[in-house]
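Take a look at the structure below.
Just so it is clear, none of the values below were taken in a lab; they were calculated from the coordinates. Remember, predicted model here, so these are calculated numbers, not experimental data. Positions of Cβ are generated from backbone atoms using ideal geometry, with glycine treated the same way; all protein chains shown enter the neighbour counts.
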Amino acid sequence: MATPTENAAASAATTTFRGDLDRDASAFVTDVDLLQTAVDRGSVTQARSYELAGQADYDQFRALESGNGTTAATLDELATDVGADQSFGGLHAVERDLWSPGGTTVEAASDISGLVAQAPVAEYLLAKEVLSPEAIGTTGVDELGWVVDMSIPGREELYSHLDDVDTTATVAAADEAFVAIKPLGHLVAPAVTAGVGASFARLLTAVHRIGPPGQVVDGDVSAATRLALSQQVDATAAGLAQLAARLTPFGTSGPPSS
Amino acid sequence: MTGKMSRRRLLAGTGLASAAVLAGSGSVLAGADTPPQDTGDGIIAFSGPHQAGITTPEQQHMVFATYDVTAGSTAALAALLNGWTTASGRMTAGQEVQGPDGPFAPPPDTGEAVGLPASQLTLTFGFGPSLFDDRFGLAGRRPAALVDLPPFPNDALEPSLSGGDLCIQACANDAQVAFHAVHDLTRLALGSATIRYLQVGFGRTASPGAGQQTPRNLLGFHDGTANLDPADHDAMRQYVWIDHGTDQPWMAGGTYMVVRRIRIHLEEWDRNTLDSQEQTIGRVKSSGAPLGSKNPADPVNLNALGAYGELVIPNNAHIRVASPALNNGQAILRRGYSFADGVDLQSGELDAGLFFICFQKDPRQQFIPIQTRLAGNDALAEYLLHTGSGVFACPPGASADRPLGAALL
């Protein structure tokens, strides 16, 4: 039986993460609007800057939003997400327009409309997400898994080759999830929580060592650095998964499927 | 023979089973100088005076892995080794690492061995020289015999296939059981150690144990005919097991493992004539008998001369150069496995060969001089490329009250 203190911490975790999502979604809408303004002005430099910012904002809630078939396709589609002869949309279409050799804002102008239209929709949908502490932890685990699969190998930003933006933002998002559940974790699983905290500290340090996000080209990140980073991400994710499992008495993302 | 008891049945039995396996009580505890043996149910107990997987009759599959320790304290390293001890006791008994932990937790066991017999799984652990640096205060506990191997002629060692603070040799008669063990032990190490390399091996390239037909290696020759017999306790005491007179008492009952990933230029070997192949090895390819003899088990007569006074077994033949008679009577217990890792994209040739493993009392007196002689004189050497290397101190057998590394840490 959970104590009143634990129940209060569980409730606080949900509230904290709810606030994080609101802030992240709002920042995304703002940066997409600024991106459109820069494109309208014809400023490639400014447009690139806001595209990167928008990408980092999106990374903050990717794990929750990417399951939505309607918005995900217009927000962050990759060429590999569609058939060989089909066009793709979202941030990566704009990225292609802005970073391809000779890229201008002319092409970006036509690709940005769906993004601008769907960003507020995503914000609206995210506002409905009310996650239990276990689900918050699992969200962080999912985010870390994506980092190993996509951003560390340089498979996400195929035109700007600035995947460090995604790595930094997504690890920060996972840490945000951990921070939300940490007070509850300290009450119900102090040793596990302390271990995850230490692991996140090492991970954030390792990410910081890569360099300022948006200024380090993928090719400049050594294989040894990628390996060490992947290993630290995996170790952190394993611990976070264990912590999330310990929080199931305070609610789950749904009933077990079998 | 593979046992019939499945992991699921064992798990459904009683939780006491694992305690018995680790405690080494009753029938699973081997004699004072006898490593764990198959008790007839496909299970080779993890506990015992010596680690299993050294003089154990060689299984058909091997997964070998090394690790770099990232744990920040001696206590964290000890916790890793304790966890490995417990998990190893369960897995070698055909059990899962741990029972299910509910639908919202990652399964404590990865599950691919559920329903499979124990399959004579053995897990053998070793400590590399790099563990004895200043991270854990172990510099003073490093055995004198745990030396860094010197460079040998024709070495082409890749750092990514060499070294490591820790090693695990998993052997079983089911490839999936062997992989499962390393898979779970690697997962248990997350946050404490990172895997450095992993090598999968197959077949039996040496034949420790009476009653096994000497298998053939990828060269097509019988291999292991002259290997030490692990059932010969006197030989094991003389060449393999470290006694109490060692400089580091925590190694008493242990041994030293040397591993070498040896790529064989098979395409080059395959186009050699039969006569040339036999002259290179010093044995008849079909029978395995030493040149000039009829039976594989015939003693190797290094002095035999042919019709024109020439040596029957050439001066640079592999079995001559490797012979204990020419190595100050020294011998090693070989326990290697073949490997095939696909195609070398640079040459289009097979990346295959021998993952050589041997055990001995002292690499300085055994492997190093033997390999020095081989590398410089062996006719076979021109077909071989050593791409990986490692030396590890294998402590004595562990048990529930004496986990891996307990005497060291």
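Okay, here's what the table says:
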item: Relative contact order (%) - region A:4-250, alpha-carbon pairs under 8 angstrom, separation at least six; result: 24
item: Region B:259-330: C-alpha gyration tensor shape, a/c 1.5 cut-off, then a/b vs b/c; result: oblate
item: Other-chain or far-sequence residues with amide H under 5 Å of B:Arg196's (modelled H); result: B:Thr66, B:Tyr67, B:Asp68
item: Phi-based couplings in Hz for region A:57-71 (Karplus 6.51, -1.76, 1.60; Gly and Pro marked x); result: 4, 4, 4, 5, 10, 3, 4, 8, 8, 5, x, 7, x, 7, 7
item: Listed residues B:Val259, B:Ala340, B:Ala71: farthest to the positive end of the dipole of chain B (Cβ charges); result: B:Ala71
item: Calculated FRET value between A:Ala223 and B:Gln346, using beta carbons and R₀ = 25 Å, to 0.05; result: 0.85
item: Exercise: per-residue mean of other protein chain Cβ atoms within 10 Å, B:189-201; result: 3
item: Alpha-carbon centroid distance for the pair region A:237-255 / region A:139-201, whole angstrom; result: 15
item: Pairwise centroid distance, computed over Cα atoms, of region A:74-137 with region B:355-409, Å; result: 55
item: Estimated [θ] at 222 nm from DSSP helical runs (n ≥ 4, -39500 (n - 2.57)) normalised by residues in chain A, nearest 500; result: -24500 deg cm²/dmol
item: Net charge of Cβ neighbours under 12 Å - reference A:Leu204; Lys, Arg +1; Asp, Glu -1; result: 0
item: Residue-count net charge about A:Leu78 - beta-carbon cut-off 11 Å; Lys, Arg +1, Asp, Glu -1; result: -4
item: Region B:294-335 and region A:8-48: distance between their alpha carbon centers, rounded to Å; result: 77
item: Computed over region A:153-258: relative contact order in percent, which uses C-alpha pairs under 8 Å that are six or more apart; result: 37
item: Highest-first arrangement of B:57-69, A:147-159, where packing means the average Cβ count within 10 Å; result: B:57-69, A:147-159
item: Phi-based couplings in Hz for region A:117-131 (Karplus 6.51, -1.76, 1.60; Gly and Pro marked x); result: 6, 8, 4, x, 5, 4, 4, 4, 5, 5, 5, 8, 6, 10, 9
item: Burial ranking of peptide ranges A:43-51, A:133-141 (average Cβ count within 10 Å, highest at the top); result: A:133-141, A:43-51
item: Efficiency of FRET from Cβ geometry, A:Val82 and A:Gln46, R₀ 35 Å, rounded to 0.05; result: 0.80
item: Most fluctuating residue given options B:Gly390, B:Gly348, B:Gly253, as computed from a GNM of chain B linking Cα atoms under 10 Å; result: B:Gly348
item: Separation in nanometres of the label points that stand 7 Å from Cα toward Cβ, at B:Arg237 and B:Ala156; result: 4.5
item: B:Ala297-B:Asp133 pseudo-label distance in nm [points 7 Å out on the Cα-to-Cβ vector]; result: 5.0
item: At R0 = 30 Å, FRET efficiency that the Cβ-Cβ distance of B:Arg402 and B:Asp148 yields, to 0.05; result: 0.60
item: For chain B: relative contact order, % (alpha-carbon pairs under 8 angstrom, 6 or more apart); result: 23
item: Extended-chain gain in nm, criterion 0.36 nm per residue less alpha-carbon gap, B:Asp275 and B:Val114; result: 53.1 nm
item: Prolate/oblate/rounded label for region A:110-198 (Cα gyration tensor, a/c 1.5); result: oblate
item: Table column - 3J(HN,Hα) (Hz), region B:325-337, Karplus curve with 6.51, -1.76, 1.60, x for Gly and Pro; result: 4, 9, 10, 6, x, 7, 9, 10, 8, 8, 8, x, 9
item: Cα gyration tensor category, rounded, prolate or oblate, for region B:303-384 with a/c compared to 1.5; result: oblate
item: Averaged over A:242-251, number of beta-carbon atoms from partner chains that fall within 10 Å; result: 2
item: Chain B - mean residue ellipticity at 222 nm from DSSP helices (-39,500 (n - 2.57) per run, n ≥ 4, rounded to 500); result: -6000 deg cm²/dmol
